[in-house]
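I have placed the structure first, in the form of structure tokens, so that the comments after it can refer back to it.
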Amino acid sequence: MIQMEGSKHIVARAERVSHLYKRETALKDVALEVPAGSTVGLVGPDGVGKSTLLGLLAGARKVQTGCIEVLGGDMANLAHRTAVCPRIAYMPQGLGKNLYSELSIAENLDFFGRLFGQSKRERAHRIARLTAATGLSGFLERPVGKLSGGMKQKLGLCCALIHDPDLLILDEPTTGVDPLSRRQFWELISTIKAGRKEMSLIVSTAYMDEAEGFDWLIAMDGGRVLGAGKPSELMAQTGTETLEAAYVGMLPAAKGTAQGEIVIPPRQGEDGEPAIVAKGLTRRFGKFTAVDSVDFEIERGEIFGFLGSNGCGKTTTMKMLTGLLPPSSGEAYLFGQAVEAGTLAMRRRVGYMSQAFSLYGELTVRQNLDLHARLFHLSADRARRRIDDLAERFGLGRFLDELSGGLPLGLRQRLSLAVAVLHEPEMLILDEPTSGVDPLARDDFWRLLVDLSRKDNVTIFISTHFMNEAMRCDRISLMHAGRVLAVGTPEELVQSRGGTTLEAAFIAYMEEALGPGEDGVGAGELEARVPEEATAKPSTGFSLTRLMAYALRETKEVLRDPVRLGFAFIGSTILLFIFSYGITTDVDEIKFAVLDQDRSAQSRAYISEFGGSRYFREEQALRSVAELEARLKSNRISIAIEVPPQFGRNIERGSPPQVAIMVDGSNTMRAATMSGYVEGGHQSFLNRLADTTGHETQGRQPAKFATRYLYNPSFESIYAIGPSVPAMLLILFPAILMAVSVVREKEIGTIVNLYVTPSRRVEFLVGKQLPYIAITLANFLIMTFVVINIFGVPLKGSFVTLALGALLYGAATTGYGLLIATFTSSQVAAVFATAILSMMPTFLFSGFLQPVSSLEGGARVMGMVWPTTYYMHMSVGAFTKGLGFADLAPDILVLVIFIPVFLAIAVYVLPKQER
Amino acid sequence: MGTLSNIFWLGTKEVRSLLRDFVMIALIVWAFGPGLLARATGNAEAVNNASIAFVDEDHSALSRSLMGALTPPYFQEPVLIEPDELDRAIDQSRFTFVVVVPPNFEADVRRGLQPEIQLNVDATAVIQAATGTAYVQEMLMDQIAYFAQRSDPVAVSAVDLVVRRAFNPNGIQPWFQSVVALLDQISILTIALTGAALLREREHGTIEHLLVMPLTSFEIATSKVLANGLVIMFAFAISLTFIVEYSIGVPIAGSRALLFLGTFVYLFSAAAIGVFLGTVARTMAQFALLMLLTIMPMMMLSGGMTPIESQPAWLQPITQLLPSRHYMAFSQAIVFRGAGFEAVLNEFLAMAGLGIVFFGASLVLFRRSITMSR
């Protein structure tokens, strides 16, 4: 246990905490204490367990083993969590991870204010104060998706501070943010701290230079705590002078110690044309200019660095150089050749490593290397030598037959580089190749790069957001907001602005270029909390305000997403047409031909029973049995009628002739209908014969049938199918959209707001459900309009009753969507699971193809517990049977029961914390 | 030569990736095995277990025997109801058919007065109502005729009719359903597999990697189409042999080689649609939604559910654009009618043509749409 010196009280404590993701250990037996009222830093590279630990402290993750105490209580205890969550604010990792990118700054803040039960006046006041302090007040109406990384982080901070928390937990708040915004961010934090001394702050970071300013540090590696103490103490303990070195010093011996400083031999200056030339390179996406007339020249064998924040245009520039993205204007040349004209031969001279370490994770290391060797057409011999050589040089030998997806990040990155240099390119374009990798692995990677540059004279164009990596480049260019601010050797750049560090120089360049622009620091100061502002604590019970906050937000998001909106309205209308016209039982226009071997008046009368009907269409007569078979076979006719010789005479002689009719049986359903029609034609001939000839006894039936086709006298399928199809589409579409909307929050990460705010699950789910019920109702109106006016099926019964049914049905089907969403974790899975699971009961068991009354066993049970059955009955009843409220009340009652059942299961299954 | 080698190695990678995806493999196995069998044999008869009620106003031996004439599996045990219950029972969908036997029915039959039985059909249940009506009439009439024969001389029909069914003499429903189900499964899986393979590469960023290598869009797209097409082709061949032929017992009348060739051409066009959707959609979720909107019409309008000639006249030319329609016509012709190549030439050309159009469209969009995605 790491003890805090002195008797200062403790804001959070962890004891024997371990955490597993499937089989991977994220935290192992962690014990620590976090002092109150100070700024505590959690340091270490990606993947060491920092985020997991912060999630546990914030109550966003479920404690698996061990004990987490925050603000004087056990975080595994629901009552305590509910009680303290209004006092904790949590900002998860990733730029704007818990923000809603379709909503504006003001709407985001307003939403968070509502979640904490603030009145309208209070919200307006707080939003004005926070945005003024952070310099966001000029951009209140701008959607979050269009903000720079720095602005997103400031907004995230505003959202976290909207309820004056006592404990602020920030997970890597400055990763990927430009240096100026970073500095402003920390200034902002210290202002806030100055205003609220009692507030405790826990921050994680991968930048060691930031960590130096913290009161207390906890160093982590491999899910364990390496050490804790004041920054100065840590450095003293390890006998080092920088925190980075102190961190490396604390690493266990097995990780290997740093192999000393990286030595970069001086580059032999080389003449000849430059390897890369960019002239006025510009790329616009719509109105947004991602890269704005960028110029630079890179010499052969040079290591050229691109330094800048996320979204500053580094990746876009690199994509233009590789030919992946055509520039809007300007030119790029590789080895003197224009990139647009980039031939396949040119691509052989370039190696590219994209941001995501793009490897085939489902292939082994060797298979990945082999595949690339094949695609570059290396001879078998050369490929083998190259792969052996690289495996040796990059230390991949031991892992050749392992799946690359399962390797640690550092190894995957080396494999990516090996793949990129396999074909011995003269130039390497590397897009943030070291992000997310620990310092030791980063150094190893740089040694490989230096080797390639100095020994093999490979030109290396690399982008990074680490200052110390930029210092290793021969020359760098500073990039911000699509523009290159300066180009030169790192030393030149540092000196040119009279600073001591590259970071300071970068900030100076940015301030010069920007002036008091968008990312300018806030105008006002964040004054101390005004006492009377502190309103009543947000209620922890059910709150209609919060429910409506979710509903309002969901409505705005859907209305701003053209894809989902289009799918909701156009998709269902298209399918209504396709289903209604596509599913029909009316068989008509059946092609038939006759082999008439009699050619008498009687045979012609017999044939005319068929030829005169709208069901049949007579084709050219048949001449032989062989032709009959051939034409059936080639599908030119579906029915062949063979009238025997002496047909007419035999009838008169009273010896019944035998007519043979051959029906195409390949489509069995159609064959059954055709057989029925044929029998009908035959019977009608017999009846006519009996009437005209007076052969009373011949062919006379002992009884007659009077068949009444109720509700649909003309027996056209549209009258049945028109009202049934909306019942199917009103479950398919709303359920899918509903499920996607919930799972989307899981995927994007905004679901964390449910975990760490006082929101209850039922508020979250019902709030999100309301807009989709409205969409269902709107869909109902559109479809009813189409069925009545375009399909011409009159609505005979009560419209109001049917609309009420649709409303309840919408609540039930969206409830089903919620239910599916709680079980699935990706949007694709949500779409397919919703569609596939609802398809069978909807199409087969709800009375569409077969009446529910004729179903048996499991099918019957499924039909009975499926809402479509009841709504379809209502819809068909109201349209064709003219039923009103009294008749439809039983269906309405059943629909009402589905709503709370689906919802209750969804609420029960949806976790209130992440695993 | 270089192109062929590139396609081959990219295809190998594609198949390897797929084989590691246990969920997909399980889905394929299920779809072509038990799933297919269940779909083909599930809805065995058009009329199955139909609900029927009797209003007996005659109370004679004949009227009682009529109730016994309707037998499972076609009909449920008939339920006797009162005359005033009739409308309400049908309103509530309790019964699809209600037979009303009038007073003095038996006596009138004896006297040869041709009495009338009323048959009420809930015509909103169109599918069962159409075939079921004929069944009810036939079964009841047989019973009445049998009764009449005992009292009267044998009534002879003036003309005998023999209706035979070509290609499926016993009208075995699963024969046809298995072919339809096979079409649906290969459509869904080919499109899903190919499109998802492309989107996965986009989401993982590996597609950019391929695009900066000396490879053409044509090679990348072709490798996806071929690799996924071949996997489904393999599943199709196994399913055809063991499920369709062996288990369900469908006799394949035509040339097997021709059937495989046509299936391959169809797989090409379906995979091309998959690649096309994969280039249009920006995320997996969008792809899933687009796929639903594509697959549904392909399945509904192929002719397997409703014969093409029964679809509205304005719709028929539009369905020409669906490769599934041509494949349905093609496979029916080969499997049941035993047609030769010249009879299905048009279908071949249509499927290949549509495949080329979708494939060409994907190539045009490929590079642009993929690099724009981030």
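Please treat every number below as a calculation from the coordinates, not as lab data. The structure displayed is predicted, hence computed values, not measured ones. As a convention, Cβ positions derive from the backbone with ideal geometry for all residues, glycine included, and neighbour counts pool all protein chains shown.
Assorted remarks:
- Selection among A:N310, A:T464, A:G280 by position relative to the dipole of segment A:276-514 gives A:G280 as farthest towards the positive end (Cβ unit charges, Cα centre).
- For the residues B:F260, B:F359, B:F268, a GNM of chain B with alpha-carbon springs under 10 Å puts the largest fluctuation on B:F260.
- Share antiparallel - DSSP beta bridges, the protein assembly as shown, percent rounded to 5: 45
- Three-way shape call for segment A:42-121 based on the alpha-carbon gyration tensor, with the a/c threshold at 1.5: oblate
- Only the Cβ atoms of Lys and Arg (+1) and of Asp and Glu (-1) were treated as charged; on that basis the dipole of segment A:276-514 about its Cα centre amounts to roughly 580 debye.
- If R0 equals 25 Å, the separation of the Cβ atoms of A:S684 and A:Q658 corresponds to a calculated FRET efficiency of about 0.85.
- Chain B: most fluctuating residue of B:G338, B:G112, B:G11 per GNM, C-alpha cutoff 10 Å: B:G112
- Under 20 Å of direct C-alpha separation, and excluding same-chain neighbours fewer than eight residues apart, A:K768 reaches these aspartates and glutamates: A:E102, A:E107, A:D110, A:E554, A:E557, A:D561, A:E745, A:E747, A:E914.
- With the charge dipole of the protein assembly as shown set up from +1 on Lys and Arg Cβ and -1 on Asp and Glu Cβ about the Cα centre, the Cα lying farthest toward the positive end among the listed residues A:T238, A:I820, B:A313 is that of A:T238.
- Residue-averaged beta-carbon neighbours from other chains (10 angstrom radius) around A:367-378: 4
- Over the Cα atoms of segment A:590-693, the radius of gyration divided by the Kirkwood radius equals 0.96; this is the Rg/Rh ratio.
- Mean Cβ count within 10 Å, highest first, over the residues of peptides B:78-84, A:764-770, A:648-654, B:166-172: A:764-770, B:166-172, A:648-654, B:78-84
- Dipole orientation for the protein assembly as shown: of the candidates B:M24, B:V344, A:W866, B:M24 has the Cα lying most toward the positive pole (charges on Cβ; Lys, Arg +1; Asp, Glu -1).
- Set A:K62/A:K146; A:K146/A:K746; A:K152/A:K193 screened for pairs whose C-alpha atoms are more than 28 Å apart: A:K62/A:K146
- Sorted ascending by nearby beta carbons within 10 Å, beginning with the fewest, A:H873, B:H204, A:H125 become A:H125, B:H204, A:H873.
- Relative protection proxy for A:809-821, A:50-62, A:500-512, from highest mean packing down: A:809-821, A:50-62, A:500-512 (other beta-carbon atoms within 10 angstrom).
- Taking the DSSP bridge list for segment A:276-514 and keeping only pairs wholly inside it, about 55 percent are antiparallel.
- Between segment B:283-341 and segment A:202-252, the alpha-carbon center distance in angstrom: 65
- Mean Cβ neighbour count within 10 Å, used as a protection proxy, ranking B:182-189, A:19-26 highest first: B:182-189, A:19-26
- Averaged over peptide B:299-311, the number of partner chain Cβ atoms lying within 10 Å of each residue's Cβ comes to 6.
- Residue with peak Gaussian network fluctuation, chain B [Cα springs, cutoff 10 Å], from B:A350, B:A129, B:A288: B:A129
- When only the Cβ of Lys, Arg, Asp and Glu is charged (+1, +1, -1, -1), the dipole of the protein assembly as shown relative to its Cα centre reaches about 180 debye.
- Span from the segment A:557-582 Cα centroid across to the segment B:88-138 one, whole angstrom: 42
- Projected area, mean over directions - the protein assembly as shown, Cα convex hull, nm²: 54.9
- Exposure proxy shown here: for B:R282, B:R256, the number of other Cβ atoms within 10 Å sets the order, fewest to most, as B:R256, B:R282.
- Inter-part distance, segment A:27-53 to segment A:447-480, computed on C-alpha centroids, equals 32 Å.
- Per residue of A:655-663, other chain Cβ atoms within 10 Å of the residue Cβ number 5 on average.
- Sorted by Cβ density within 10 Å, fewest first, the residues B:Y327, B:Y135, B:Y146: B:Y146, B:Y135, B:Y327
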